[in-house]
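The values are calculated or read from the model by the stated rules, or taken from the named source; none is laboratory data. Everything numeric in this text was worked out from a predicted model, so none of it was measured. Cβ sites come from the backbone with ideal geometry, for glycine too, and all protein chains shown count toward neighbours. In case anyone asks, the SASA skips ligands and DNA or RNA and just uses the protein heavy atoms, side chains included. Shrake-Rupley method; radii C 1.70, N 1.55, O 1.52, S 1.80 Å.
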Amino acid sequence: MQQSTWFTPEGLEDLLPPQAQKLEFYRRKLVDGFELSGFELVLPPIAEFTDSLLTGTAGHMAVDTCRFTDQESGRMMGVRADMTPQVARIVSNRLKAKSTISRLCYVGEVLKTRNNKAKGSRSPIQVGAELFGHQGVESDIEIIELMLESMQRIQLPDIKMSLGHVAIVTELMELAGFNAKQTKEFINILQRKAIPEYESFISGLELSADMQAKFEVLPTLCGAASDVIVLAKKELSGLSDVMDAALNHIATVIESIESSFSIPVHLDITEMRGYQYHTGIVFASYSGDTLQPIAKGGRYDNIGSVFGLALPATGFSLDLRSALDLLANVELNVKETVYVPQIANAELKTAIAELKSNGYRVIKSYDMNDVTVGAKKLVEESGSWAVKTAV
């Protein structure tokens, strides 16, 4: 067998000690933080029938989903490429939380069909939180605060974040009377930040002078959030109730973040990430010099409608695998290593259990004579077991 056959596929990798231990340490810190904020842990299966996995707003993830035939039922299954739709299924179909707010958190590995080196691993480890059942700005603020607090909890360096609101551009297209083809083309241009194409597209539209001016100013509404929102309100307020509500919503979020966190906040009015999925505010958070977000999220109302329960929802997920290199190394919380003999002895088993309960790392030795000089070992003396230094 050639050694090349032992390699993992492109974009998939092993985590070895001590990286795996490091990841587990920070995973636990994040989940503990979620639970302290009232978010209950759920663990969806790694694969589901595609009927539910790729239903509704999750349909855009079909191209990223690895699929296979279930040998038990003959139906098509998929390995999750994102955990949010699964959590939406749980809250809508299993918990059936119609009238109360549900706060859920999750952690798990996802798998994507394609390798994008710029975006990191094909198998990110998602740690996230979702809030269902509340439509106001307060729940968006709670989720954003939890995201930033989580990043601070694991001490990610140089945190910064960006904001957007898909309803602003969506409403502007509606007011301008875009058809389906124009909408698709315009969103594509915005997502690629292709300014020359943008200008050419706008000049080819039949718009009133006032509406033309709104579209021309749109790409300039990008920068420091507190400055941009003032300009955005000046240029776009009064066009419709939907527009005013979106601008006021994002202004409230900016004010809340800046009053609670000392981090740079960037606002891009033309940000349309997850346009097929999100329905309101979108946000992403970065650390250090990374170009790709470590955490991202937004509002995605009515996600559970296909499962029979349409709920307002907002949430975020953090890619712990991508964050790993930015996090400080950790020391295992063990007092000391003790070597013990591998023999059948009830008193020895009791002594080992006591050592472990006190935080000692216990390693079985098949030949106690090979224990390194100066190391600790468990030896029997006068019918009892005691820790001694090997000589």
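Just to confirm my filter: which strands (runs of 3 or more DSSP E) fall fully inside segment 298-384 and include at least 1 residues that are under 30 Å from the mean Cα position of the chain (by Cα) and closer than 30 Å to Gly280 by Cα? Break it down into steps so the answer makes sense when it comes.
On the way: elements: 313-319, 337-341, 361-365, 376-381.
Qualifying strands (runs of 3 or more DSSP E): 313-319.
Can you tell me which residues in segment 73-82 are surrounded by 14 or more Cβ atoms within 10 Å (Cβ to Cβ) and without any contact (Cβ under 8 Å) to a residue 40 or more places away in the chain?
Across segment 73-82, the qualifying residues are Met76, Met77, Gly78, Val79, Arg80, Ala81.
Pairs under 6 Å by beta carbon, first residue more than 26 Å from Val330 (Cβ to Cβ) in segment 28-48, partner crowded, with 17+ Cβ neighbours inside 10 Å and among the charged types (D, E, K, R), six or more apart or different chains?
Gly38/Arg103
Filtering segment 180-207 down to residues that are assigned to a loop (DSSP other than H, G, I, E, B) and not aliphatic (A, V, I, L, M), which residue is least open to solvent (accessible area, probe 1.4 Å)?
Just the residues of segment 180-207 that are assigned to a loop (DSSP other than H, G, I, E, B), to begin with: 193-194, 204-207.
So of that shortlist, the ones also not aliphatic (A, V, I, L, M) come out as 193, 204, 206.
Numbers: Lys193: 96, Gly204: 63, Glu206: 185 Å².
Across segment 180-207, the extreme among qualifying residues is Gly204.
Of the residues Val371, Val391, only one is open to solvent by less than 40 Å² (accessible area, probe 1.4 Å) and in contact (Cβ under 8 Å) with a residue 12 or more places away in the chain; which?
Working: Val391 fails: open to solvent by less than 40 Å² (accessible area, probe 1.4 Å).
Unique residue meeting the criteria: Val371.
In this structure, is Asp319 at negative phi, open to solvent by 40 Å² or more (accessible area, probe 1.4 Å) and acidic (Asp, Glu)?
No: the conditions fail for Asp319.
Take Gly288 and tell me if it is at pLDDT 95 or above and not acidic (Asp, Glu). Please lay out each step first, then the result.
On the way: at pLDDT 95 or above: no; not acidic (Asp, Glu): yes.
Criteria not met by Gly288.
Residues that are assigned to a loop (DSSP other than H, G, I, E, B), in contact with a Ser or Thr (Cβ under 7 Å, 6 or more places away or on another chain) and among the aromatic types (Phe, Trp, Tyr): does segment 269-285 have at least one?
The answer is yes; a qualifying residue exists.
Name every residue in segment 16-35 that is open to solvent by 60 Å² or more (accessible area, probe 1.4 Å) and of a type in the set (A, V, I, L, M, F, W, C), in order of residue number.
The answer is Leu16, Phe25.
I'd like the full set of residues that are open to solvent by less than 50 Å² (accessible area, probe 1.4 Å) and farther than 22 Å from Ser237 by Cβ, limited to segment 263-282.
Once the filter is applied, which keeps residues that are open to solvent by less than 50 Å² (accessible area, probe 1.4 Å) and farther than 22 Å from Ser237 by Cβ, segment 263-282 yields Ile263, Gly274, Tyr277, His278.
Looking only at segment 218-241, which residues are surrounded by fewer than 15 Cβ atoms within 10 Å (Cβ to Cβ) and either touching a Leu at 6+ places or on another chain (Cβ under 9 Å) or polar (S, T, N, Q) (or both)? Reasoning before the result, please.
Here is the first cut: in segment 218-241, the ones surrounded by fewer than 15 Cβ atoms within 10 Å (Cβ to Cβ) are 220, 223-224, 226-227, 230, 234, 237-238, 240-241.
Once the filter is applied, which keeps residues that are surrounded by fewer than 15 Cβ atoms within 10 Å (Cβ to Cβ) and either touching a Leu at 6+ places or on another chain (Cβ under 9 Å) or polar (S, T, N, Q) (or both), segment 218-241 yields Thr220, Gly223, Ala224, Ser226, Asp227, Ser237, Ser240.
So which of Leu172, Leu205 is more than 27 Å from the chain's Cα centre (by Cα), modelled with pLDDT of 95 or more and more than 30 Å from Ser102 (Cβ to Cβ)? Step through it out loud before you land on a result.
On the way: Leu205 fails: modelled with pLDDT of 95 or more.
Criteria check complete, one pass: Leu172.
Restricting to segment 57-72, name every residue that is open to solvent by 50 Å² or more (accessible area, probe 1.4 Å) and touching a residue at least 24 places away in the same chain (Cβ under 8 Å). I'd like the intermediate steps shown before the answer.
We begin by selecting, within segment 57-72, every residue open to solvent by 50 Å² or more (accessible area, probe 1.4 Å); these are 60, 63, 67-69, 71-72.
Within segment 57-72, His60, Val63 qualify.
Give me the strands (runs of 3 or more DSSP E) completely within segment 39-141, filtered to those with at least 1 residues that are in contact with a Phe, Trp or Tyr (Cβ under 9 Å, 6 or more places away or on another chain) and of a type in the set (A, V, I, L, M), ordered by residue number.
47-49, 76-79, 102-109, 125-132
Sort out which residues of segment 16-27 are free of Cβ contacts under 8 Å to residues at least 24 places away in the same chain and either more than 16 Å from Leu320 (Cβ to Cβ) or among the hydrophobic types (A, V, I, L, M, F, W, C) (or both), and write them in order of number.
First, pick out the residues of segment 16-27 that are free of Cβ contacts under 8 Å to residues at least 24 places away in the same chain: 16-17, 20, 24.
Answer for segment 16-27, where residues must be free of Cβ contacts under 8 Å to residues at least 24 places away in the same chain and either more than 16 Å from Leu320 (Cβ to Cβ) or among the hydrophobic types (A, V, I, L, M, F, W, C) (or both): Leu16, Pro17, Ala20.
If I go through segment 125-145 residue by residue, how many of them are under 16 Å from Ala295 (Cα atoms) and either open to solvent by 10 Å² or more (accessible area, probe 1.4 Å) or small (Gly, Ala, Ser) (or both)?
Summing the residues that are under 16 Å from Ala295 (Cα atoms) and either open to solvent by 10 Å² or more (accessible area, probe 1.4 Å) or small (Gly, Ala, Ser) (or both) in segment 125-145 gives 7.
What number of residues in segment 17-73 are more than 20 Å from the chain's Cα centre (by Cα), β-branched (Val, Ile, Thr) and more than 22 Å from Tyr300 (Cα to Cα)?
So the count comes out to 1.
Residues in segment 340-349: is at least one basic (Lys, Arg) and either surrounded by 13 or more Cβ atoms within 10 Å (Cβ to Cβ) or modelled with pLDDT of 95 or more (or both)?
Just the residues of segment 340-349 that are basic (Lys, Arg), to begin with: 349.
Restricting the remaining residues to those that are either surrounded by 13 or more Cβ atoms within 10 Å (Cβ to Cβ) or modelled with pLDDT of 95 or more (or both) gives 349.
Yes, segment 340-349 has at least one match.
May I ask you to verify whether Ile229 is closer than 30 Å to Leu324 by Cβ and in contact with a helix residue (DSSP H, G or I) (Cβ under 9 Å, 6 or more places away or on another chain)?
The answer is no for Ile229.
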